[in-house]
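Just below is one structure, and these are the notes that go with it.
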Amino acid sequence: MPDETRFEYGSQEYYQNPYPTLKRIQEKRKPVWHEPTGTWLISTYEDVSCILKDASISKQFIRENPSPLERTMLFQDPPNHTRLRSLVSQVFTPRAITEMEKQILDASSSLLARFSERRSMDFIADFTLPLPIQVIAEMLGVPREDWAPVHGHSLTLIKAADGQHSPEESGQLLAQGMMGLIGCFSALIDTRRANPKDDLLSRLIAVHDNDGGLDTDELVGTAILLMIAGHETTVNLLGNGLYLLMQNPESMKLLKDHPELIPGAIEEMLRCESPVQQGTYRRATETIRISGVEIPAGSQITVLFGAANRDPAVFPNPEVFDVRRTPNKHLAFGTGIHFCLGAPLARAEARIAFEMILNRMPGVQLSGSPSTLPRQGLLAKLLGMLRPPDQMGGRCLVHWTANPVVRSLDSLQVEW
Ligand code: HEM
């Protein structure tokens, strides 16, 4: 009989500060059945690592007509996962990412330049939302005139998952965003098939192994996967990272004086406020035993990166943001065969962005008022303000999105 425990997991209070709840779940040191979502929650570092490396755990949806996204590597098991990942890895290489560094630098620079006189901005809307999408759009070879529609469809997908809509509305937004992206990428793939260029999409079309290459659905799905897997995740790394630095001014000063510490600080940002808090869909294909608990075949399993990355058994003083933390083997990019393919790109974007931010936004700090909470409904605002997580003179300055999968700030008003 599963250990059904009704945590307040999923409440508005949880979203503003999930860590006390995650700690309570983790203190059981075993998988916990969560009745409201019908899934086993896996929270210790060891159990999460085990599940992510267990070949009997499937990521494949059982559906008759899977969408192009469901046909991508993220939702496939070997041998199809191995085929897709190795084809895409042939062209989405560390070298291709290094070649993007100049574009990342230029895009970051021009986004920041617009605010150099005003010396204030909403760091989320004005910097973190546009940067990763521009980078991946440019890398894929999306023509500039298509950036606005592609960005719009991606934002619709993000909106679908922001926890602010009913299941019906979310379903509609998801379908709308997905259809939009499928339309854009199908057309672009046709164009590039006829007229290849020196971009990632043309290389994905050309790539093949002994068994052939990617079919059209797989190409469309892969382009969409790279677009969305690399968007909100990186948005959250940048937003949560700057927020952590502003909460820890001594660390900000240390990094300004010693920029060589920035890569380590980025790993600590990933650990401390993990952009992806939960793994994607997983299911046990056979009955397994983990930390003394039997998980029956067919059960859904959710790994909690946000908990594992603060497991005191692995990270001493896990709640402390320590930019010099070593070792720091966090699981923010997952582990095992589905380890994030875009980790080198996310790390490069964050390193370039933070080097620039520390130079061009000296003394950056939180600003704004409770009214600056654009993505929240009134009820969410009121609930958030009952227990404001970060206050200045009694005012709530930041508000986290009500979404259990990502750790995401609605906005981040800053001045310098
Ligand atoms: C800070 C930024 C990012 C974070 C925290 C992140 C996190 C993750 C995590 C946790 C997974 C594994 C999910 C699971 O096993 O359930 C994953 C997979 C993946 N990520 Fe990322 N990601 C980031 C950025 C990116 C970027 C920039 C790209 C590409 C443009 C990308 C592409 C992918 C792909 C393709 C997979 C699937 C790999 C597979 O199934 O084999 N990610 N990511």
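Within the stretch 282-310, if we keep just the residues that are out of contact with any Phe, Trp or Tyr (no Cβ under 6 Å at 6 or more places or on another chain) and under 20 Å from Asn236 (Cβ atoms), the residue that is farthest from the ligand (Cβ to nearest atom) turns out to be Arg310.
Only one residue in Pro31, Pro79, Pro20, Pro36 is loosely packed, with under 13 Cβ neighbours inside 10 Å and at pLDDT 95 or above, so which one is that? Walk me through how you get there before you give the answer.
On the way: Pro31 fails: loosely packed, with under 13 Cβ neighbours inside 10 Å; Pro20 fails: at pLDDT 95 or above; Pro36 fails: at pLDDT 95 or above.
One residue alone meets the criteria, Pro79.
Counting only helices (runs of 4 or more DSSP H) wholly contained in the stretch 211-272, the ones carrying 3 or more residues that are within 14 Å of the ligand (Cβ to nearest atom) and buried (at least 17 other Cβ atoms within 10 Å of the Cβ) occupy 216-229, 232-247, 262-272. Exactly one residue out of Pro79, Pro31, Pro132 is under 30 Å from Pro312 (Cα atoms) and of a type outside the set (Val, Ile, Thr), and it is Pro31. Of all residues in the stretch 153-176, those satisfying the criterion of being part of a helix (DSSP H, G or I) and within 18 Å of the chain's Cα centre (by Cα) are His153, Ser154, Leu155, Thr156, Leu157, Ile158, Lys159, Ala160, Leu174. Considering the stretch 46-90, the residues that are acidic (Asp, Glu) and more than 19 Å from the chain's Cα centre (by Cα) include one that is farthest from the ligand (Cβ to nearest atom), namely Glu64. Take the conditions touching a residue at least 12 places away in the same chain (Cβ under 8 Å) and closer than 23 Å to Gly292 by Cβ and apply them to Thr39. Does it pass? The answer is yes for Thr39.
Is there a residue in the stretch 112-135 that is within 21 Å of Val276 (Cα to Cα), outside any helix (DSSP H, G or I) and within 21 Å of the chain's Cα centre (by Cα)? Looking through the stretch 112-135, at least one residue is within 21 Å of Val276 (Cα to Cα), outside any helix (DSSP H, G or I) and within 21 Å of the chain's Cα centre (by Cα). Go through the stretch 291-343 and give me each residue that's surrounded by fewer than 18 Cβ atoms within 10 Å (Cβ to Cβ) and of a type in the set (Lys, Arg). Within the stretch 291-343, Arg324, Lys329 qualify. Among the residues of the stretch 311-358, those that are away from the ligand (no atom under 12 Å from the Cβ) and either in contact with a Lys or Arg (Cβ under 8 Å, 6 or more places away or on another chain) or on the phi > 0 side of the Ramachandran plot (or both) comprise Val314, Phe315, Asn317, Pro318, Glu319, Arg325, Asn328, Leu358. From the list Leu204, Leu174, Leu219, the one residue that fits, being under 30 Å from Arg271 (Cα atoms) and among the aliphatic types (A, V, I, L, M), is Leu174.
Of the helices (runs of 4 or more DSSP H) that lie entirely inside the stretch 5-102, those containing 3 or more residues that are of a type in the set (A, V, I, L, M) and over 30 Å from Met179 (Cβ atoms) span 45-53.
Going by what's in this entry, would Met356 be described as modelled with pLDDT under 50, surrounded by fewer than 19 Cβ atoms within 10 Å (Cβ to Cβ) and either under 21 Å from the mean Cα position of the chain (by Cα) or in a helix (DSSP H, G or I) (or both)? Judged against the criteria, Met356 is not a match.
The values are calculated or read from the model by the stated rules, or taken from the named source; none is laboratory data. These figures come from a predicted structure and were not determined experimentally. Every residue, glycine among them, receives a Cβ derived from its backbone with ideal geometry; neighbour counts consider all protein chains shown.
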